[in-house]
């Protein structure tokens, strides 16, 4: 399960998206799964996150038949909700969730609410200045609160 993130409006990978794609590739090559669900319907320019990241996996050697695009989600909660439907259809019992290490806790919480057993497959983030880490942590806390209050109640199984 590769969670979407911002991609370049011109159709290329950002550094963050590239780290996530490379982490998903390593997990796939290690035999963690025979499929990669690429989640992310948000469009940056003419292309969605899932389309760009899926094509990057294809270019790195993942067979087209192994890549499943989830094109509806616009948030982490929706990544989990819509990807859970696909994972169940494919018969997955446990999924590996690929996202940034700093985003993993909230992502795993979203998958738990969607009723999916998930394990962390973190894409490591290079060390950032303290100010950036503090801002990121604050944004994650706020987003987690919004998830719980505004979204999860409506999606809880």
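The values are calculated or read from the model by the stated rules, or taken from the named source; none is laboratory data. Because the structure is a prediction, the values reported are computed rather than measured. For neighbour counting, all protein chains shown are included, and Cβ atoms are generated from backbone atoms with ideal geometry for every residue, glycine included.
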Checklist line | Qualifying position, being modelled with pLDDT of 90 or more and either under 22 Å from residue 9 (Cβ atoms) or in contact with a helix residue (DSSP H, G or I) (Cβ under 8 Å, 6 or more places away or on another chain) (or both), among 69, 90, 74, 108 | finding: 69
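Do you know which residues across the range 95-110 are farther than 15 Å from residue 73 by Cβ and either crowded, with 22+ Cβ neighbours inside 10 Å or touching a residue at least 24 places away in the same chain (Cβ under 8 Å) (or both)? Outline the logic, then answer.
Going residue by residue through the range 95-110, those that are farther than 15 Å from residue 73 by Cβ are 96, 100-102, 104-105, 108-109.
Passing the criteria: 96, 100, 101, 102, 105, 109.
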Margin query: Looking only at the range 111-157, filter to residues that are part of a helix (DSSP H, G or I) and at pLDDT 90 or above; which one of those is surrounded by the most Cβ atoms within 10 Å (Cβ to Cβ)?
Written below: 111
Note to self: Of the conditions (1) touching a strand residue (DSSP E or B) at 6+ places or on another chain (Cβ under 6 Å); (2) more than 20 Å from residue 9 (Cβ to Cβ); (3) assigned to a helix (DSSP H, G or I); (4) modelled with pLDDT of 95 or more, residue 79 satisfies every one except a single condition; which number is it?
What the structure shows: (4)
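Scanning the range 2-57 for residues that are more than 22 Å from residue 111 (Cα to Cα) and crowded, with 24+ Cβ neighbours inside 10 Å, which turns out modelled with the lowest pLDDT? So that I can check it myself, show each step before the final result.
Residues of the range 2-57 more than 22 Å from residue 111 (Cα to Cα): 7-15, 18, 29-30, 43-47, 52, 55-57.
Next, from what is left, pick out any that are crowded, with 24+ Cβ neighbours inside 10 Å: 7, 52.
Values: 7: 93, 52: 96.
The qualifying residue modelled with the lowest pLDDT is 7.
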Next item on the list: Mind counting the residues in the range 1-17 that are in a loop (DSSP other than H, G, I, E, B), over 18 Å from residue 122 (Cα atoms) and in contact with a helix residue (DSSP H, G or I) (Cβ under 9 Å, 6 or more places away or on another chain)?
Entry: 3
Item checked: Residues of the range 29-40 satisfying the condition of being out of contact with any helix residue (DSSP H, G or I) (no Cβ under 7 Å at 6 or more places or on another chain) and within 14 Å of residue 58 (Cα to Cα) -> 29
Next item on the list: Please specify each residue of the range 82-107 satisfying the condition of being assigned to a helix (DSSP H, G or I), closer than 19 Å to residue 16 by Cα and within 10 Å of the chain's Cα centre (by Cα).
Entry: 103, 104, 107
Check: If residue 5 satisfies every condition in (1) touching a residue at least 40 places away in the same chain (Cβ under 8 Å); (2) more than 13 Å from the chain's Cα centre (by Cα) but one, which is the exception?
Finding: (2)
